[in-house]
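Here the structure is laid out as structure tokens; the discussion comes afterwards.
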Amino acid sequence: MPSIPPALLCLGLCLSQRIDSQKQSLPKPTIWAKPNSMVPKGNPVTIWCQGAQNAVEYRLHFEGGLSALERPKTPRLTRRVKFLIPAMSWHTAGRYRCFYQIEEFWSEPSDPLDLVVIGMYDTPTLSVHPGPEVTLGENVTFHCCLDTATSTFFLVKEGSSRRAQHRYGNIQAEFPVGPVSTAHKGTYRCFGSYNNHAWSFPSEPVTLLVTGDVGNTSLLPTDVTSSTEDSWEPDLPTSGSGFQNNPGLWDHTAHNLLRIGLAFLVLVAIVWLVAEDWLSRKRAQERATREARWECRRRWRTHFPDEQPRATMPMVALKAAP
């Protein structure tokens, strides 16, 4: 079996290094909004994107398309950038993601950030039944009503790390909660909306008080709340559109196709080299045969100068006469 030529080894090494470098997917960045992801109409909000050191560019995508980009002045010292929205409106509310670039590689997309503009519709009313003060283990129901017909209602607990609940309804919606534990106590508001990212004014707050013996461990808090920051995060229905067609996205499908193409090129190169080696061997064998014939004729002429070499005739078996 012929040895692999050095050129093929070099080609395989270069391609393998290229493929290995493409497999080094950059970690996804972190995205958040300050002061909050629920912004009153007309108020400013800042979107932060934190990636990695040496990132040369950050891109912010809004609803699947490129919205803005930032290039850090000192990539080695800066790991995050900010994108300012001067005045929140219907047009700037929606789902955001961010990416960052190191050399020619792009990171995975960040988790989605849903920016909600509030104050777009009338103010709903919120009530709780059987009342705002309940005992441990009891069931309660929040009722959110809006005089103007809408399509979706949201219930938000202030200071909770859990996302807002949503229910579909025309002029009212119910949010059953229970059996309640001490994790459910707190202040609640509700919103109405025609659009997942454009909500009404918030309702007046309703404070739920939970009393009773906390000795029953089955009713202990299961939700960790944060009292230092109001982190209302809307739990919005996803449309499933994704970010598959974004130009800056780290597209695994494209890179798989690239790997297949590189493997095909390697296969073509191997076939070409094998065929070239076979043809060169065949040419060498034919050349050696021709040289042997010329040598044979030269020797014949040297020993028998007056005779011409006879062509080799095939032997024919003679049939005996009857």
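Go through the residues of region 39-56 one by one and say whether even a single one is surrounded by 18 or more Cβ atoms within 10 Å (Cβ to Cβ), part of a loop (DSSP other than H, G, I, E, B), over 18 Å from the mean Cα position of the chain (by Cα) and modelled with pLDDT of 90 or more.
Within region 39-56 (the criterion being surrounded by 18 or more Cβ atoms within 10 Å (Cβ to Cβ), part of a loop (DSSP other than H, G, I, E, B), over 18 Å from the mean Cα position of the chain (by Cα) and modelled with pLDDT of 90 or more), the answer is no, since none of the residues qualifies.
Which residues, counting only those in region 149-202, are among the hydrophobic types (A, V, I, L, M, F, W, C) and either open to solvent by 30 Å² or more (accessible area, probe 1.4 Å) or in a loop (DSSP other than H, G, I, E, B) (or both)?
Ala149, Ile171, Val180, Phe201, listed by residue number.
Identify all residues within region 81-109 that are farther than 12 Å from Phe62 by Cα, among the small types (Gly, Ala, Ser) and surrounded by 16 or more Cβ atoms within 10 Å (Cβ to Cβ); write none if there are none.
Selection gives Ser107 alone.
Residue check: is Trp32 more than 30 Å from Thr123 (Cα to Cα), aromatic (Phe, Trp, Tyr), modelled with pLDDT of 90 or more and open to solvent by 40 Å² or more (accessible area, probe 1.4 Å)?
No.
Which residue pairs have Cβ atoms closer than 9 Å, lie 6 or more positions apart in sequence or on different chains, and pair a first residue in region 70-85 that is over 19 Å from Lys34 (Cα atoms) with a second residue that is in a loop (DSSP other than H, G, I, E, B) and open to solvent by less than 80 Å² (accessible area, probe 1.4 Å)?
Cβ pairs passing all conditions: Arg71/Val56; Pro72/Ala55; Pro72/Val56; Pro72/Thr78; Pro75/Asn54; Pro75/Ala55; Pro75/Val56; Arg76/Asn54.
The values are calculated or read from the model by the stated rules, or taken from the named source; none is laboratory data. Keep in mind it's a predicted model, so treat the numbers as computed, not measured. Reconstructed Cβ throughout: ideal geometry from the backbone, glycine too, with neighbour counts over all protein chains shown. All accessible areas refer to the heavy atoms of the entire protein, side chains included, with ligands and DNA or RNA removed. Shrake-Rupley method; radii C 1.70, N 1.55, O 1.52, S 1.80 Å.
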